[in-house]
Amino acid sequence: MTFLCFFGWFKNFSLRGADCHHLFGWLQIEKIIEGHQQIKKFLKSNNILHPHGYRNVDRYKNNTIYVGKKNLELNKKAISKKGYGLFKKTHKDLILTEVNRSRSKWKLPSKYFKNSSDLFLNRMKWRNKKKCTIFYRGFGQEFILDVEKNPEIIKWAVKLIKRHG
């Protein structure tokens, strides 16, 4: 199962809040379409306009579209939520940034992350594994968590979607 959670850098200007990284959406992947010819064919057959499929997209060598599942699924059981979407409004459960820290320092719920092993498939590193805190350098985009080795992460994501999606 390929499952994506999207986060972004946010700041509450009206309350003069601190910068934070915040989950804003999810996508459970049904199909991956690669290459501009395949993408154009898919979009045309489904009558979809999409920036990855019009004009000259030949310059994008890794042009890919991820198509979401109609319904969220866990262990081959449908859950009463779409397989893609945006969280309705902010909530502390969706904020990744550790309280009173810079946005590059995250605190993840220990209930779901404390027993993880080799959690990250790319450049993120534990700052303190026992406290489930993370620190990363540079811009944050496309961090990859290994859910195959750490299935509790999926339970965490599904809980967030059910509660806030």
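The values are calculated or read from the model by the stated rules, or taken from the named source; none is laboratory data. Values in this document were obtained by computation on a predicted structure and should not be read as measured data. Virtual Cβ from ideal backbone geometry, glycine too; neighbours counted across all protein chains shown.
Worth pointing out:
- Against the conditions (1) in contact with a Lys or Arg (Cβ under 8 Å, 6 or more places away or on another chain); (2) exposed (fewer than 15 other Cβ atoms within 10 Å of the Cβ), VAL67 satisfies every one except (2).
- Of all residues in the range 86-114, those satisfying the criterion of being surrounded by 15 or more Cβ atoms within 10 Å (Cβ to Cβ) and either closer than 24 Å to GLN28 by Cα or among the hydroxyl-bearing types (Ser, Thr, Tyr) (or both) are PHE87, THR90, LEU94, ILE95, LEU96, THR97, SER104, TRP106, LYS107, LEU108, TYR112, PHE113.
- Residue list for the range 128-149, filter: out of contact with any helix residue (DSSP H, G or I) (no Cβ under 7 Å at 6 or more places or on another chain), at pLDDT 75 or above and farther than 13 Å from LEU108 by Cβ: GLU148, LYS149
- Candidate set from the range 1-48 (those that are part of a helix (DSSP H, G or I) and out of contact with any strand residue (DSSP E or B) (no Cβ under 7 Å at 6 or more places or on another chain)); member that is farthest from ARG59 (Cα to Cα): SER45
Table: residues versus (1) assigned to a strand (DSSP E or B); (2) on the phi > 0 side of the Ramachandran plot; (3) over 19 Å from the mean Cα position of the chain (by Cα).
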{"site": "VAL57", "(1), (2), (3)": "no, no, yes"}
{"site": "TYR60", "(1), (2), (3)": "no, no, yes"}
{"site": "LEU72", "(1), (2), (3)": "yes, no, no"}
{"site": "VAL99", "(1), (2), (3)": "no, no, yes"}
{"site": "SER116", "(1), (2), (3)": "no, no, no"}
{"site": "LYS131", "(1), (2), (3)": "no, no, yes"}
{"site": "ILE154", "(1), (2), (3)": "no, no, no"}
{"site": "LEU160", "(1), (2), (3)": "no, no, no"}
{"site": "ARG163", "(1), (2), (3)": "no, no, no"}
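- Tabulated pairs, the range 19-48, first farther than 21 Å from LYS70 by Cβ, second basic (Lys, Arg) and assigned to a strand (DSSP E or B), C-beta under 8 angstrom, 6+ apart or interchain: ASP19/LYS11; CYS20/LYS11
- Residues within the range 74-85 that are surrounded by 14 or more Cβ atoms within 10 Å (Cβ to Cβ) and either of a type in the set (Lys, Arg) or part of a strand (DSSP E or B) (or both), tallied: 6
- Candidate set: the range 42-63, residues that are among the hydrophobic types (A, V, I, L, M, F, W, C) and more than 17 Å from LYS31 (Cβ to Cβ); chosen: the one surrounded by the most Cβ atoms within 10 Å (Cβ to Cβ): VAL57
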